[in-house]
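Bear in mind these aren't lab numbers, they're just calculated from the coordinates by the rules spelled out. Keep in mind that this is a model prediction, so the values were computed, not measured. Positions of Cβ are generated from backbone atoms using ideal geometry, with glycine treated the same way; all protein chains shown enter the neighbour counts.
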Amino acid sequence: MSRFTRYSSLVTQYPSLIMFDRIDLLTRYAWLKPINQPMIIGNDLDALLSAQFLHDYLGWTVAGFYNYTTVYHDPGINPLDCTWVDLDIHHPLIGSIGHHILRPTPTDRIPGHQLTVNPNLLRGIDQVDFTRKYPLGTIHFLLWLHDQRIPRKRAATLLLWLADSAWINTQHYRPNVRTWLADWLPVPELIATFDETNTGDFEEDMRDQVLTTLDIAELADADNIQRRSKFLNLGGHQCVWNKPDELIKVRRVTDLIERKLGWKRPKFPNHWAAVEGRRRSGALPDLISRHGSFDAFLANERVFSYVIPNRNRINFTTGLVLDNK
């Protein structure tokens, strides 16, 4: 039985509570605060920043990573006993921390996300309110949740803004980002430099102090840039990797994080087991119509994880089965 099962009844006692309160969240989702627990992480810069912060602050260890098709993990650790970081996992026994839109409408129950901690779910934002969706990254939520600051160095602040292209989102969706930072999730370093993100000087600093170094890691993911910056046409540099043999490049990024933010870099497993699924994409209205409801679609297709990137599309993974040992 997963260690998360014992928290399920506590969470369901408060299904409508969406207030952003640290003490409440750390009580309802008690697995967010213990030390030295294993985690499965996503496969980009936001995931690395989040994992490295949790490793340094709480002693969490990296047991594996998930690239939305395959889970690579330490064969000696059951993924069901891990917290999944920078990932929204649709599974009743998995506690995950993510930030994507997960509910098409307010009436969708999405029971597989009972143990998912997600700013959009906490605020009650669904696909209907797409323009108000969470515009930042998992690392920003974690820093707020644990009330932690970063070093007062320019490069550290720039690296924080880079996570999940938050600074580019801020350039293009300023009112929404301002609302989240002012009213829901105040991160002091982001609030203090919010105005600067919309200047050419900020972009020059980002390029010279962070992006040129990340280019050396060869994980800039240049072919997967959804939106570029306003002044220098810079990309997001989200450092995506997919297989364990790329971890030598990932090490260059974790070294940079340690130098700039002071967080000790985590170790990755020496040996790997792989659990594969099937990554698919479809028109969301068609899938809902075919199955009768969004919840029926999730259940019938046995969806393990999904992302709703826009109003009409869903990317999802099926066929990924983890043993409940």
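Applying 1/(1 + (r/R0)^6) with R0 = 41 Å to the Cβ-Cβ distance of D245 and I35, what FRET efficiency is obtained, to the nearest 0.05?
Using R0 = 41 Å, I get an efficiency of 0.85.
Taking the beta-carbon count within 10 Å as an exposure proxy, list K260, K33 from fewest neighbours to most.
Lowest to highest Cβ neighbour count: K33, K260.
Toward the positive end of the charge dipole of the chain, about the Cα centre and with charges on Cβ (Lys, Arg +1; Asp, Glu -1), which of L320, M206, S50 goes farthest?
Checking the options against the dipole of the chain, the answer is L320.
With +1 on the Cβ of every Lys and Arg and -1 on the Cβ of every Asp and Glu, and nothing else charged, how large is the dipole of the chain about its Cα centre, in debye rounded to the nearest 20?
Result for the chain is approximately 420 debye, rounded to the nearest 20.
How large are Rg and Dmax for the stretch 256-325 when only the alpha carbon atoms are used, in Å?
Answer for the stretch 256-325, Rg first and Dmax second: 17.9, 51 Å.
Run the dipole for the stretch 170-325 about the Cα centre, Lys and Arg Cβ at +1, Asp and Glu Cβ at -1, nothing else charged, and hand back the magnitude in debye, nearest 20.
My answer is approximately 580 debye.
Just to confirm my numbers, what's the Cα centroid distance between the stretch 179-219 and the stretch 76-142 in Å?
If we compute the Cα centre of each part, the gap is 24 Å.
Restricting to the stretch 5-261, compute how many DSSP beta bridges are antiparallel as a %, nearest 5.
That works out to approximately 20 percent antiparallel.
So what is the 222 nm mean residue ellipticity for the chain from helices alone, if each DSSP H run of at least 4 adds -39500 (n - 2.57) and you divide by all residues, rounding to the nearest 500 deg cm²/dmol?
Value at 222 nm, helices only: -9000 deg cm²/dmol.
Obtain the nm distance between the two label points defined at N312 and K264 by a simple spin-label model: each point lies 7 Å from its Cα along the Cα-to-C-beta direction.
Taking the two extended label points, one gets 5.1 nm.
The stretch 105-156: which trypsin sites (Lys or Arg not before Pro) are DSSP loop and have at most 11 other beta-carbon atoms within 10 angstrom?
R149, R152
Per Stokes-Einstein, at 37 °C and 0.692 mPa s, what whole-number D in µm² s⁻¹ belongs to the stretch 103-166, with the Kirkwood radius over Cα pairs as the hydrodynamic radius?
241 µm²/s
Can you classify the stretch 5-261 as rounded, prolate or oblate using the Cα gyration tensor, where a ≥ b ≥ c are the square roots of its eigenvalues, rounded means a/c under 1.5, and otherwise it's prolate if a/b beats b/c and oblate if not?
oblate
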